[in-house]
Structures are given as structure tokens and as C-alpha cells.
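Below is one structure; the comments refer to it alone.
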Amino acid sequence: MSPDTAAVRRGEELDTGALGQYLRGKIDGPLDVRQFPGGHSNLTYLLTIGGREYVLRRAPAGPVAPKAHDMVREARVLEAVHPHFPPAPQVYLVCEDPGILGSPFFLMERRCGIVLRDRIPEEVSRHPDYAARISRAFADCLIQLHSIDVEKHGLAGLGKPEGFLARQVKGWSERWMRAQTAASPAMDRVMAWLSQTLPPSPAPALIHNDFKLDNVMLDERSPDRIEAVLDWEMATVGDPLCDLGLTLCYWSSAEIPGTAERAISAGPGWWTRDQLVRHYAERTGRDLSALPWHEVFGVFKLAVILQQIYFRFVRGQTADERFRHFDRRVQSLIARAAAMISSQ
């Protein structure tokens, strides 16, 4: 039994009969299903089929926000990116028929390693200078992603760089309004500020759009090697500072209560936010003068993501008790974004 999986949560079971029938002739063998319990959005399972392991990704049960949880798009992104960015797992099979499991899904390769969520395991802490080594590897992985030539490798079609930031602000504002459970004048002010102060964007790059410590998997034999980058649902081609801005929302001294990543990266030996930014600037040569705007946008986007999850809990579309008090985290994020605007 894999130590990073658990029994499938109530209400998130897979129809193993339908799945087994669908896989017949594609991937054959006895089927066993476990669930990866981390993560708050899409559902991820470990399938053992005929002694070989695969990872299945699907949308959460029940109605979801428009354009969210698009597993077919995530699979197509991975198929396009994997040949040029080894940390992106390889996709084996994509099912667009929602009649099999209730929503489209895909199977990808199983990568094995360590994901840092709420503690530093002994397999990591035994390595000398592990915090600085992981910090550098994490930053370099983001830099590597942003250095991919999207035109040369035919990846430009994964996004629409022209007007990218304006569409992002509009899209995430609309998501907020659809998932809103209470009036928030502070959030209204944040959305207005973002739309009225759009900065110019640098040359477009392939961006992950949720690049954070618990979305990377470390090689337990060497903490300065990234084994995999996970959760590609929001990846696109656009402004690379959106990635860096969101990363900083989670990292080190970012004043966001309740984020385990902050507690980890604020520990001894981890790079500071300034070190991350300086390393990125030195390696990429990009102008980072607009980065404060992207940090506000990152906090705003995180608030919307958590509000969408809380909305699903309030509507009874998920019984996962982890989400019961997400409204408190959302309010903390809104207050943080508003404070960041006031300080600029």
C-alpha cells in the first residue's frame, strides 16, 4: 500500500465496474483504486492495474464552475508540454466521455517522490542544507518552464497572450461573483483596482498558473532535484510574472494564515522572498517592476479559488470537512490583498 494514498473518501468513489470495462483492451489487469488525499480541487487517484501503477485525474463530483476542472484540456496540455519539460508527467489515456465516471478523466504516469505539505519528512531533513537546495531547485524549475520557446516547440496555441491580463482579471472576477456567498466591499475594491491598473506584460511564456511548493514532487534521494510538477489544469501561455506573483503569495513571509507552505518555507535555511525574486531576475533578465501588481493578483486569485471550493461545500456538492471554514481563509486573503494595495 502506497504511503501517500488513502481509502477513497465518501462521495468520491469511482465506478470501478464501468472503469474496468472501459479500460478493457487498453490497459488490462486486476484493478485496485486508492485516493491521493491532498489537494482541494480536482480528484486524483492511484490505480494499480495488473501490478502497474497509474494516476487518474478527474473533476470533483457535482456541478462545477464554467471552464474550471477541464481534465481534457489538462491532459492535452501535458501531452504537449511533456516532450519539452521532463517534470511534466506523461499522459497515457484520455477519456472525454462523461458517461463512464460522471466526468471526463485521464490516466498519466505515476511519479514517485516527496511532496512537502505540512512537515519536513526525515527523508528530506537528513540531507545537508536541504532547505536552500530545495529553494534553488524550486526557483530553477520555474525558470526552466518559463524559458521554453513556445513558438519553436508549437506551444503558442495553448494560450492567447494578447490581452492576457485583462482577460484574467475579468475571468476571475466573474468566477468570484458566481461563487459569492456574502457581500464583500473590500473584494469589490480589489477587483476594481486590478482592472484599472493593468501593467504591460513581458514576452509571453508557458506558465503553470499554480506553481507552489506542494505542486512539485522532490526526488527523495536528492532534494535539489524536482521529480515532477503536478496540477496543470490552469497552465497556459501568458505573462510569466503571474507564476512568480502567485508563488510569492505562498512563500515564506507572505502574510496568509493557514497555508502550510508558508510555515515550511519560513523555516531555517529556506530562501527569502527577496532571494527568490533576485535569483529569478538574474537568471531570466526580465523586468520585475510590475511584480507587486502580480502579487496582489495572486492573492486575489487564491481567494477566488478557495471561495469556489467553499461554495461547493455550502451547496452540498462535497462533504469534505476540510472545506467547512474556508470562508475564513477567503476573508483573510481579501484583507491581505486590500492591505497590499494600500501600501503601494
- Summed side-chain charge close to D320 - residues other than D320 whose Cβ falls under 11 Å, Lys, Arg +1, Asp, Glu -1: +3
- Interchain or long-range residues, amide H under 5 Å from H84's placed H: none
- Mean projected area in nm² (Cα convex hull; one quarter of hull surface) for the range 122-342: 12.9
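Test of understanding: ordering T48, T247, T318 by Cβ neighbours within 10 Å, fewest first, what list do you get? Could the numbers behind the result be given before it?
Working: T48 18, T247 27, T318 21.
Fewest-to-most Cβ neighbours within 10 Å comes out as T48, T318, T247.
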- Query: Farthest toward the dipole's positive end in the chain, which of A338, Q90, G38, given Cβ charges of +1 (Lys, Arg) and -1 (Asp, Glu) about the Cα centre?
  - Reply: A338
- Message: Which GluC sites (Glu not before Pro) in the range 66-105 sit in a loop by DSSP (not H, G, I, E or B) and have at most 13 other Cβ atoms within 10 Å of their own Cβ?
- Response: E96
- Please list the non-local residues whose amide H lies under 5 Å from the amide H of L93, H modeled 1.01 Å from N, same-chain partners needing a gap of 5 or more. L107
- Message: Residue by residue through the range 117-127, what is 3J(HN,Hα) from phi via Karplus (6.51 cos²θ - 1.76 cosθ + 1.60, θ = phi - 60°)? Round to whole Hz and write x for glycine and proline.
- Response: 10, 10, 7, 9, x, 4, 4, 8, 5, 6, 7
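Treating only the Cβ atoms of Lys and Arg (+1) and Asp and Glu (-1) as charged, compute the dipole magnitude of the chain about its Cα centre; round to the nearest 20 debye.
Working: 41 positive and 42 negative charges, 132 e Å.
For the chain, the charge dipole is close to 640 debye.
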- With DSSP loop assignment and no more than 12 other C-beta atoms within 10 Å, the trypsin sites (Lys or Arg not before Pro) in the range 64-143 are K67, R119, R126
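In which sequence would V299, V237 go, from the one with the fewest C-beta neighbours within 10 Å to the one with the most?
Values: V299 28, V237 20.
Placing the least packed residue first, the sequence is V237, V299.
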- List I341, I334 from most exposed to least, where exposure is judged by having the fewest other Cβ atoms within 10 Å. I341, I334
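With +1 on the Cβ of every Lys and Arg and -1 on the Cβ of every Asp and Glu, and nothing else charged, how large is the dipole of the range 297-344 about its Cα centre, in debye rounded to the nearest 20? Don't skip to the answer; put the middle values down first.
Numbers: 8 positive and 3 negative charges, 3 e Å.
The calculated dipole for the range 297-344 is roughly 20 debye.
Within a Cβ distance under 10 Å of Y310, other residues only, what is the Lys/Arg minus Asp/Glu net charge? Please list the in-between numbers first.
Numbers: positive: R312, R315, R324, R328, R329; negative: D327.
Its environment carries a net charge of +4.
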- Summing Lys, Arg as +1 and Asp, Glu as -1, what charge do residues with Cβ under 11 Å from the Cβ of F211 carry, F211 excluded? -3
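Laboratory data are not the source of any read-out in this text; all were calculated from the coordinates shown. Every value quoted in this text rests on a predicted model; they were computed, and no experiment measured them. We place every Cβ from the backbone using ideal geometry, glycine too, and count neighbours over all the protein chains shown.
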